[in-house]
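To start, the structure itself, in structure tokens.
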Amino acid sequence: MASLKFLVVDDSLTMRRIVLNTLKTIGFNNILEAADGKDAMAKLLSEGADFLITDWNMPEMNGLELTRWVRATPQFSGMPILMVTTRGNKEDVIDAMKVRVNNYIVKPFTAQGLKDKIDLILKATEIKAS
Amino acid sequence: MATTSPPQPQDPTAAKPAGETGLLSQFVHALSGLLPMLDHIKATIEESSGKIPKASSQLHSVTQATESATVEILNALDDMTQNVGTAERGLQRLAAIILETAGDVRDAIGLLQKNPSADPEHARGVETLVHMLSAGRSTEAQQIVETVTGVLATTRDSSMNIAMALQVQDITSQQIASVTHMIESVRLELTHMLGQFRGEATGGPAKQAEPTHFDTDAQYTPTAERQDQADMIIQQWTSESHG
């Protein structure tokens, strides 16, 4: 599990650092960063990743558009995706589920909250894979 | 700078010539009073809209400054966490050495007691070793290690809590971006009005501000309420077999 490669996508440098530090504390050290959806697409195509953590509101390409692209791209379509966003309205959560994110975290989150969601997604994807 | 008070329209009833010529004269008279007022309004709008880019730029600087400071704090916290980790590993090794040493002393006492000597120095040496063990020095040392380990764990948790609280920077920057967007919308409206004053307007609505990439409702509420609500929606969604 510790060798999983994460891609953290957020236009806020602060948020990228917070998620990155939290992942390191949890025990994941293989982490890539991208500042928006387009940057994430380029990183995925050039370096690949096993797990995507993405913000929603970003310039160039937002998190929903990125998720749609990932799900429509055969080589990444099964990738676990965790949406981390300030948007907490019912409609927002449903919109995210419609594009098939695996789970959803509302900012501000806790380190334990992030760990729990990652564990939940990994457990669910393992079950699906087995 | 439009600092003078607006010119007042002249009283159209001041002169009342009779007939159509009189009415026309009154109308022209009234217009001549209105024009300086309109000029004044135009100057005020120009001045106000001219200040907006500076306000937007200042707000942008605030966001950049807070982001820069937050990253510095996160770097410091990262260093702290690494140092705490190093100290924790050192203490673990120290605790192991204490245990190993206590075992070695116990073995040495056993050997010395098996081979008694008439030398009084030998007897004193054995007594000292026995005292070292019976006085519970190694136990005391282990307790100190445990206490310090606990303090380090609390420090690591606190630094993690500080890091998580810094999410406020991202959330407030979205709120600032929202305000900047509103200000830009006002500027575009004012520019549109100025165009109308100058006779440049096309008659259509004012330009819209650029599309946004922030959450206008972003809020810093470090409680589980919003997450619980999201989890409930996901659960409902999943149970309805959408997933």
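The values are calculated or read from the model by the stated rules, or taken from the named source; none is laboratory data. This is a predicted model, so every value here is computed, not measured. With ideal geometry, Cβ positions are generated from the backbone for all residues, glycine too; neighbour counts draw on all protein chains shown. Ligands, DNA and RNA are excluded from the accessible area calculation, which covers all protein heavy atoms including side chains. Shrake-Rupley method; radii C 1.70, N 1.55, O 1.52, S 1.80 Å.
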With label points set 7 Å from each Cα along the Cα-to-Cβ direction at A:A124 and B:A165, the distance between them in nm comes to 3.2 nm
The relative contact order of the range A:5-122, taking Cα pairs under 8 Å that sit 6 or more residues apart, comes to a percentage of 22 percent
In nm², the average projected area of the convex hull spanned by the Cα atoms of the range A:5-122 is 6.4 nm²
With Cα coordinates, the longest principal axis of chain B makes an angle with the long axis of helix B:167-198, in degrees rounded to 10, of 10 degrees
Taking protein heavy atoms only, a 1.4 Å probe, and rounding to whole percent, the accessible area of the protein assembly as shown owed to carbon and sulfur comes out at 57 percent
At R0 = 22 Å the Cβ-Cβ FRET efficiency linking B:D157 and B:L94, nearest 0.05, sits at 0.50
Helix B:137-165 sits off the longest principal axis of the Cα atoms of chain B, rounded to the nearest 10 on a 0 to 90 degree scale, by 10 degrees
Averaged over residues of A:88-94, the number of beta carbons from other chains lying within 10 Å of each residue's Cβ is 6
Here Rg/Rh (Cα, Kirkwood) for the range B:60-212 equals 1.55
Note: B vs A interface, total accessible area buried (1.4 Å probe; ligands, DNA, RNA excluded), nearest 100 Å², is 2900 Å²
Highest mean packing first, using Cβ neighbours within 10 angstrom, the peptides B:233-239, A:34-40 sort as A:34-40, B:233-239
With the 8 Å Cα cutoff and a minimum separation of six or more residues, chain B has a relative contact order in percent of 21 percent
Comparing each residue of the range A:52-75 in the complete protein assembly with the chain by itself (heavy atoms, probe 1.4 Å, ligands and nucleic acids ignored), those losing at least 50 Å² of accessible area are A:N57
Cα-based Rg then Dmax for the protein assembly as shown, in Å, read 34.9, 146
Per-residue average of other protein chain Cβ atoms inside 10 Å, peptide B:157-170 -> 5
Given a 1.4 Å probe, the accessible area of the range A:5-122 per residue, as a whole number of Å², is 36 Å²
Of the listed pairs A:K43/A:K107; A:K5/A:K117; A:K90/A:K123; A:K5/A:K43; A:K5/A:K123, those with alpha carbons more than 20 Å apart are A:K43/A:K107; A:K90/A:K123
